[in-house]
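Have a look at the structure below, then the notes.
Nothing in this text is a laboratory measurement; each read-out follows from the coordinates by a stated rule. Everything numeric here is computed off the predicted structure, so don't read it as measured data. Here Cβ is always computed from backbone atoms with ideal geometry, including for glycine, and neighbour counts include all displayed protein chains.
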Amino acid sequence: MNILALDTSMGACSAAVLLSDGVVQRLFARQETMARGHAEALLPMVAEIMEEAGLPVAELDLIAATTGPGSFTGVRIAIAAARGLALVTHAKLFGTDSLSVMARQALAGGAVGPGPFAVAIDAKRGMLYLGLYDEAGRKREGPLLIAPDEAVSLLPSELRLAVGSGAILLAEAGGRRGHSLEAKLVELQPSAEALAEIASASGEPVPTLRPLYLRPPDAKPQMPAVPRR
């Protein structure tokens, strides 16, 4: 199976191609940290790794994208690109949440020991995006948009580790409630490489990709002007 994976949900832009014949897998990936500019960077990045992999676009079997949570605009960029490429190639689609992708990265990097762990992302305004995972990376709860103190009440007693940009906030809240937590990988970003591996293991395509928004967008529609009398 030939898989193209895309992520633009947070503070990085990444693309990966995973080639598998059922016995051997080859992975080609690019990732660049950026606060903005994902839309301009993504498709040239895709072209670069497709060329490196020696894979014509028409030979893609599956196109995967992270569905959120994350940046309101960023989440839509990868999803729109995946949908567009699927229309051209007739490839199937796959999507999963960005926190589950980060959980897989944390496990692959060896930062997570035995026992459950949390992925906590700073969602700003005193809130976290939270996901809880067992020691094999299987989701136990989330993604949630939740305040740190409230999040601590959801943590099982044996959970002692949090990763992600909100891990320190969660650990501080845990300290206030007598729940000791270690914060690791605070610079962690979702990666298309981990997404491609999840898509390959799943084998369950979706009919379409939809953004996972846990809060409304900051931009509000303008109200029509009321004429003065």
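Evaluating 6.51 cos²θ - 1.76 cosθ + 1.60 at θ = phi - 60° for every residue in the range 92-107, the Karplus couplings come out as 7, 10, 9, x, 8, 6, 5, 5, 5, 5, 5, 4, 5, 4, 4, 5 Hz, glycine and proline recorded as x.
With N set to the number of residues, divide the alpha-carbon radius of gyration of the chain by 2.2 N^0.38 Å and report two decimals.
On the way: Rg = 18.8 Å, N = 229, 2.2 N^0.38 = 17.3 Å.
This ratio for the chain stands at 1.09.
With R₀ set to 45 Å, the beta-carbon distance separating residue 157 from residue 1 gives a calculated FRET efficiency near 0.65.
Taking only Cα atoms and a 10 Å spring cutoff, compute GNM fluctuations for the chain and point out the largest among 167, 201, 136. Highest fluctuation among the options: 201. From the alpha carbon centroid of the range 107-130 to that of the range 1-28 is 22 Å. Among residues other than residue 191 with Cβ under 15 Å from its Cβ, the summed charge is -4 (Lys and Arg +1, Asp and Glu -1). Note on the range 1-104: the C-alpha convex hull projects to 6.1 nm² when averaged across all orientations. The phi torsions of the range 141-150, fed into the Karplus equation with coefficients 6.51, -1.76 and 1.60 and a -60° offset, translate into couplings of 6, x, x, 10, 9, 8, 6, x, 5, 5 Hz, rounded to whole numbers, with Gly and Pro shown as x.
Give the total of Lys-Lys pairs in the chain with Cα-Cα distances below 30 Å; include a pair only if its members are 8 or more places apart or on different chains. Don't skip to the end; give the middle numbers.
Working: 92/139; 124/139; 124/184; 124/220; 139/184.
For the chain, qualifying lysine pairs total 5.
Taken about its Cα centre, the range 112-184 carries a charge dipole of roughly 120 debye when the Cβ of each Lys and Arg holds +1 and the Cβ of each Asp and Glu holds -1.
Rounded to the nearest Hz, the phi-derived 3J(HN,Hα) couplings of the range 197-210 under the Karplus curve 6.51 cos²θ - 1.76 cosθ + 1.60 (θ = phi - 60°) are 5, 5, 4, 5, 6, 6, x, 10, x, 10, x, 7, 10, 10, where x marks glycine and proline. Label separation (residue 213 vs residue 172): 2.9 nm, computed from points 7 Å beyond Cα along the C-beta direction. Amide hydrogen proximity for residue 161: with H placed 1.01 Å from N in the peptide plane, the residues at 5 or more positions away or on another chain lying under 5 Å are 118, 182. Distance distribution P(r), the range 19-60, all Cα-Cα pairs, bin width 10 angstrom from 0: 24, 47, 24, 5 percent. With R₀ set to 41 Å, the beta-carbon distance separating residue 58 from residue 34 gives a calculated FRET efficiency near 0.90.
Working from Cα pairs under 8 Å separated by at least six residues, relative contact order for the range 62-112 is 44 percent. Taking the square roots of five times each eigenvalue of the Cα gyration tensor of the range 112-184, the equivalent ellipsoid has semi-axes of 17, 13, 10 Å, listed largest first.
Peptides 125-131, 109-115, 144-150, ordered by how many other C-beta atoms sit within 10 Å of their residues on average, highest first, read 125-131, 144-150, 109-115. Between the amide H of residue 93 and those of 63, 206, distances stay under 5 Å, these residues lying 5 or more places away or on another chain, with hydrogens modeled in the peptide plane.
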